[in-house]
Protein chains: 2
Amino acid sequence: MTKSLTETLGAIKPLNLEAMETARRRQDTLTKPQGSLGQLEDLAILIAGITGNPRPKIRHKAIITMAADHGVAAEGISLYPQEVTGQMVLNFLGGGAGINVLARHVGARVVVVDMGVIGGCEPHSGLLCKMIDFGTKNIAREPAMSRQQALDAIEAGIEVLESEIAKGLDIVGTGDMGIGNTTASSAVCAVMTGKPVVEVTGRGTGLRDEQLTHKVAVIEKALQVNQPNPDDPLDVLARVGGFEIGGLAGVMLGAAANRIPVVIDGFISGAAALIAAGLSPTAREYFIAAHLSVEAGHRVALEHLGLTALLNLRMRLGEGTGAALAISIAEAATKVLDEMATFEEAGVSESEEVG
Amino acid sequence: MTKSLTETLGAIKPLNLEAMETARRRQDTLTKPQGSLGQLEDLAILIAGITGNPRPKIRHKAIITMAADHGVAAEGISLYPQEVTGQMVLNFLGGGAGINVLARHVGARVVVVDMGVIGGCEPHSGLLCKMIDFGTKNIAREPAMSRQQALDAIEAGIEVLESEIAKGLDIVGTGDMGIGNTTASSAVCAVMTGKPVVEVTGRGTGLRDEQLTHKVAVIEKALQVNQPNPDDPLDVLARVGGFEIGGLAGVMLGAAANRIPVVIDGFISGAAALIAAGLSPTAREYFIAAHLSVEAGHRVALEHLGLTALLNLRMRLGEGTGAALAISIAEAATKVLDEMATFEEAGVSESEEVG
C-alpha cells in the first residue's frame, strides 16, 4: 500500500541530533588528528543523524534510474534522436551502460524504472513499469503534464523507494535517462531558483554554441507559455518538468520519510531535488550531493539547496553514475567511523592539545 | 637483486602513445556522449599509456605506507609526541588505522615499511624493515641525513616496490607516517618549487596561528643552515628531507620504471613526488594525484608537477588514505573503458553529430 504524497511529507522528521553528537564524539577518539578526514568525518556524522544510528553501517545499496521521454525533443534541443531513451533502457537491462559498470564497482544494485518512455518498454524481469504517459508534451507549446500526472509521478517514486526497502536499503542513489531532460531540468531550475535561463542552461550531451542559444530560447518560451508558479513545486513539475524528474523527487521524499540517506546524482537529479525540497524543506537534510556536474545549472541548484558536492570529476552522463561513485565514498565514511581504533584501544598517545 | 637508482632512472620510458590512442578511440564508441565521463575517461586513457595495455585491468592493488622519525620534532613543530610514529606503525599492523579501513574498503593491501623510526620497530610478519637510521637529524641545526643515506632511502623504496610486483601489482598508492614530516615536506617543497616557506607551510595535525608562525621560522632556519641545492634533488632530500620521503620517491621511480600507475597521496607524498620528478621528469607521467590536501603546500606541489587531483575532500591525514579512495576511482575508470557496451553492441543510435 503506497503512501500518498501528503502522508510521506508528514512522515519526514528532522535529523537525529543525539545520534550525530554521539558520532561526533567518537570521531574525536579515533586514531587521527581531529577533523583530518574532512568531509568523510562530516558525512558519517550526517548519516548517523539521518539513520538515527550513531555507528551506521552501509550494506545494501541501490541506484534507482528512471527513464522517460520529453515532448520538447521536437524542438531539436538534443544531439541524439528520441529513440535513444528506450534503447538505453535496454542497455541498462543488459548491463552494458555506464551506470551498470559503476554500480557493480561499488556493489550497488540498479533499479531501472520506465516512468514514461515513448512507445513503452517491453516487459522485462529487471524493469519496473511506472509509466505515467508516452512521454511529456512539448513544453514550448503547452504544459508537460497535468497536475494529477505530476502527483502520480511523485507517488510512483515513493512507491518504488518503499518497495526497495524490503530488499534491504541502507543508502539509495538517484539516476536518470531521457533525451531532452536537461532542457526540462533547466526550466525547473530557473523557476525554482529564480535565476535567468541562460545561467542554468548547459550543453547537455554536447551542443555547439548556436545550438545552446536555441536551447535557451526554447526554455524561455516554455516559461513564458506555461507561467509556472515558483511557490507551487507541483505546478512547476506539471508545467515544465518530466516524469522521471517527478519520480526521482518521489524517491527522495520517500527516502527522507524512511530515514534513508539519498545520494543526488547530477543536474536532472538536482532539478528533482529542487522540487522535493520545495515540497519539504526538511527532506533536504537527507540529501547527499554526489558530484558537481559540468552542466551549467547544477552548481546553481546545489547552491540553492545548500549542498556541497563530494566529487568534481567533470562528469555529465547522468544515469546515476556520479551517485554510484559517491555511494562508495559514503560507505567508506561510515566504515571509518565504525572500524577505526580509538587512541585508547591502539595505545597511541593523544595530541598535547587534548585532555 | 635491487636496481640502483641510476639503472631505475634509465628504465623510465615515455607513455605508450599507441595504447592511449586505441583507448581514446574505444572511449568514443561506448554508449555515452563523448567525454561525458570526464576525468574517468582521461584517467583510463592515461593508465593505458602507463601500462601499454589499451584495455588495462586493475586487480592487484597496494598502498605502501612508509614511516620514519624526524629530528626536527625537537623544535616543537607538532602537537603530537614523537613516540606516536612507532605507536601508529603498530596501529597499521593491527589494522585499526584510517589507512587500514580505507584500503580494506577498496580491496588494496597495505605494505607497512619502517624507514627509520626512533627506537626501531619490533619484528612483525607484516612489517618491512628498511631502516636507514633512528630518525633524521634536526634540520634546524644540520643536514637531515648524509647523501649516501638519501640514496639508500630511495633505493630501499625501489626495492620495496619491486618486491611487491611478484605478489601482483596493477596499481600502487603511496602513504606516510612520521611526526614532524609536514615540516620536512614544506622545506623540500619550498626548495623544489622556489616558493616562499610561508606559502608552502600548513598546520599539520592542527597547529594554532602562533605555532604555525614558529613552524615557518624553523623551516626558514633549516633552509638557511643547510642551503639545499634546488638543482640537485638528492641534495635537497639529504639536507632537509626524511627517510620516508626518500623511500616514497623510490617507490614512485620504481613504479614508473615498471610501467605501474602510482597514486600520489597528500602533501608528504607530494614532496616525495617533487624529488622523484626532479630526478626523472618522465616519471611524472606515471603519477596520478589522489586528492588535494588541506595542507597549504600541497596545491603548490601539484601545480609544480602539473597534476590535477581527483578528489578534494578536505583530508589531511596522510598514511595513504587519499590514495586508497583514488585507487578505487582509477579502478572504476578502467572498468568503464573495459566493460561498457559500444553503440553497436547495444543497438543504440549515435549522436547526429557523429559519423
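Label-to-label distance for A:Arg104 and A:Glu7 is 3.9 nm, based on points extended 7 Å past Cα in the beta-carbon direction.
In whole percent, what relative contact order does segment B:225-288 give with Cα contacts below 8 Å and a gap of six or more residues? Write out the running numbers ahead of the final one.
Values: 70 pairs, mean separation 22.3, N = 64.
Once normalised by length, the contact order is 35 percent.
Rounded, prolate or oblate, given the Cα gyration tensor of segment A:245-320, with a/c below 1.5 counting as rounded? Prolate, because a/c is 1.5 or more and a/b exceeds b/c. With a cut-off of 8 Å between alpha carbons and a minimum separation of six or more residues, what is the relative contact order of segment B:138-293 in percent? It comes to 36 percent, rounded to a whole number.
Any idea of the accessible area per residue across segment B:61-332, 1.4 Å probe, to the nearest Å²? Mind dumping the intermediate values first?
Numbers: 8170 Å² over 272 residues.
I get 30 Å² per residue for segment B:61-332.
Convex hull volume of the C-alpha atoms in segment A:55-131, normalised per residue: 121 Å³.
In chain A, the longest principal axis of the Cα atoms and the axis of helix A:84-94 are about 40 degrees apart.
Let me spell out the model: positive unit charges on the Cβ of Lys and Arg, negative unit charges on the Cβ of Asp and Glu, origin at the Cα centre of chain B. What dipole size does that give, in debye rounded to 20?
360
Residues whose amide H falls under 5 Å from that of A:His291, counting only those 5 or more places apart or on a different chain, are A:Leu310, A:Leu311, with hydrogens built in the peptide plane. What is the angle, in °, between the Cα long axis of helix A:209-226 and the longest principal axis of the Cα atoms in chain A? Nearest 10 is fine, range 0 to 90. The helix A:209-226 is inclined about 80 degrees to chain A. 3J(HN,Hα) couplings calculated from phi for segment B:171-185 with the Karplus curve 6.51 cos²θ - 1.76 cosθ + 1.60 (θ = phi - 60°) are, in sequence order, 7, 9, x, 10, x, 9, 8, x, 4, x, 7, 6, 5, 4, 5 Hz; Gly and Pro show x. Ligands, DNA and RNA left out, the 1.4 Å accessible surface of segment A:61-332 is 49% carbon and sulfur atoms. The alpha-carbon atoms of segment A:101-163 define a convex hull whose volume equals 119 cubic angstrom per residue.
For A:Val225 and A:Thr22, compute 0.36 nm times the residue count separating them, minus their Cα-Cα distance, and round to one decimal in nm.
Working: separation 203, 0.36 × 203 = 73.08 nm, distance 5.20 nm.
Result for the pair: 67.9 nm of gain on full extension.
Sorted from nearest, the other copies put their B:Glu199 label points 3.3 nm away, the label point being 7 Å from Cα in the direction of Cβ. Annotation for B:Thr282 and A:Ala166: the two label points, set 7 Å from Cα along the Cα-Cβ direction, are 6.2 nm apart. Scanning residues 5 or more positions from A:Val110 or on other chains, those with amide H under 5 Å from its amide H are A:Ile63, with H placed 1.01 Å from N in the peptide plane. Derived scalar couplings between HN and Hα for segment B:124-140 equal 7, 4, x, 10, 8, 9, 10, 3, 8, 6, 7, x, 7, 6, 6, 5, 6 Hz in order, rounded to whole Hz, by the Karplus curve 6.51 cos²θ - 1.76 cosθ + 1.60 (θ = phi - 60°), x for Gly and Pro. Among the protein heavy atoms, those of A:Tyr80 account for about 20 Å² of accessible surface (1.4 Å probe, every chain in place).
Sorted from closest to farthest, the other copies place their B:Ala74 label points 8.3 nm away, with each point set 7 Å from Cα along Cα→Cβ.
Peptides B:122-134, A:35-47, A:315-327 ranked from most to least packed give A:315-327, A:35-47, B:122-134, packing being the mean of other C-beta atoms within 10 angstrom over each peptide's residues. Against chain B, whose longest principal axis is taken from its Cα atoms, helix B:38-51 shows a tilt of about 80°.
Would you work out if the protein assembly as shown is rounded, prolate or oblate? Take a ≥ b ≥ c from the square roots of the eigenvalues of the alpha-carbon gyration tensor; rounded if a/c is under 1.5, else prolate when a/b is larger than b/c, oblate otherwise. Mind showing how you got there, number by number?
On the way: a/c = 2.24, a/b = 1.79, b/c = 1.25.
Taking the square roots of the gyration eigenvalues as a ≥ b ≥ c, the protein assembly as shown is prolate.
Here segment A:1-150 is described by how far its Cα atoms reach on the three principal axes: 58, 37, 32 Å, from widest to narrowest. Counting only other chain Cβ atoms within 10 Å of each residue's Cβ, the peptide A:200-208 averages 2. Inter-chain neighbour count for B:82-94: the average number of beta-carbon atoms from partner chains within 10 Å of each residue's beta-carbon is 3.
What number results when the radius of gyration of segment A:161-309, computed over Cα atoms, is divided by 2.2 N^0.38 Å?
Details: Rg = 14.7 Å, N = 149, 2.2 N^0.38 = 14.7 Å.
With N residues counted in segment A:161-309, Rg over 2.2 N^0.38 Å equals 1.00.
Considering only B:Val72, B:Ala290, B:Ala166, the residue lying farthest towards the positive end of the dipole of segment B:61-332 is B:Ala290, judged by Cα position with unit charges set on Cβ. Once backbone amide H atoms are built at 1.01 Å from N, B:Asn229 has B:Val236 as its partners under 5 Å, excluding neighbours fewer than 5 places away on the same chain. For the residues B:Glu164, B:Glu244, B:Glu155, a GNM of chain B with alpha-carbon springs under 10 Å puts the largest fluctuation on B:Glu164. Here the mean projected area of the convex hull built on the C-alpha positions of segment B:69-179 is 7.5 nm². By the compact-protein rule of thumb, 2.2 N^0.38 Å, the alpha-carbon radius of gyration of segment A:61-332 corresponds to a ratio of 0.88. The three principal axes of the C-alpha atoms in segment B:111-225 carry coordinate ranges of 46, 28, 25 Å, sorted with the longest axis first.
Across segment A:61-332, the relative contact order, built from alpha-carbon pairs under 8 Å that are at least six residues apart, equals 25 percent. Each other copy places its own label point for A:Ser351 at 4.8 nm from this one, sorted shortest first, where the point lies 7 Å along the Cα-to-beta carbon line. Placing unit charges on the Cβ atoms of the charged side chains and taking the dipole of chain B about its Cα centre, the candidate lying farthest along the positive direction among B:Ala44, B:Val117, B:Ala184 is B:Val117. Of all beta bridges that DSSP places with both ends in the protein assembly as shown, some 5 percent have antiparallel geometry. In whole angstrom, how far apart do the alpha carbon centroids of segment B:121-178 and segment B:60-76 sit? After rounding, the separation between the Cα centres reads 9 Å. The HN-Hα couplings worked out from phi for segment B:96-108 by the Karplus form 6.51 cos²θ - 1.76 cosθ + 1.60 (θ = phi - 60°) are x, 8, x, 5, 5, 5, 6, 5, 4, 4, 9, x, 10 Hz, whole numbers, x standing for Gly and Pro.
The values are calculated or read from the model by the stated rules, or taken from the named source; none is laboratory data. Not measured: the values here are computed from a predicted model. Cβ coordinates were reconstructed from backbone atoms using ideal geometry, including for glycine residues, and neighbour counts include every protein chain displayed. The protein model used for the area step is the full one, side chains on, heavy atoms only, and it has no ligands, DNA or RNA in it. Shrake-Rupley method; radii C 1.70, N 1.55, O 1.52, S 1.80 Å.
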